[in-house]
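Below is one structure, written out as structure tokens, with a few remarks after it.
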Amino acid sequence: MQAPDDFVLKILDFAWAVVLALVGVVWKQQSRKIEEMQLAHDKDIREVSSEVTRQRDVSAKIFDRLEEHARRSEDRHMEVVRLIHEGLAHKVDKS
């Protein structure tokens, strides 16, 4: 009776060794895939970050131009108002 039990134990020990070896191989493959995905993710994050920075620069330029346009518009408006007042003042003087 002792011989079959020893044989079964040896087979179980061998089976555990095979299972652990397979787990090790799968673990290594998955670790490599995860590392590759992390590298790709880091690259994507860098690309998105640079695009966001570029978009912020574009937005800043747009707002700068809007402010410039508003100043120019206000200056033109004040010039028109001044000319109207001068024109009316000349008209009043002639009457």
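Only the coordinates and a few stated rules stand behind these numbers; no lab work does. The model shown is predicted, which means the values in this text are computed figures rather than measured ones. Cβ placement follows ideal geometry from the backbone for every residue including glycine, while neighbour counts extend to all protein chains displayed.
The table for this structure:
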quantity: Only Lys, Arg (+1) and Asp, Glu (-1) charged, at Cβ; the chain dipole about Cα centre in debye; calculated: 500
quantity: Given (i) 10.0; (ii) 9.5; (iii) 7.1, the label whose value is mean projected area of the Cα convex hull in nm² derived from this model; calculated: (i)
quantity: Virtual spin-label span in nm between Asp75 and Ser31, 7 Å along Cα→Cβ; calculated: 6.7
quantity: Reachable aspartates and glutamates from Lys33, criterion Cα separation under 19 angstrom, eight or more residues apart if same chain; calculated: Asp42, Asp44
quantity: Reachable lysines from Lys10, criterion Cα separation under 28 angstrom, eight or more residues apart if same chain; calculated: Lys28
quantity: Dipole of the chain, positive end: most advanced residue of Leu9, Val25, His69 [Cβ charges, Cα centre]; calculated: His69
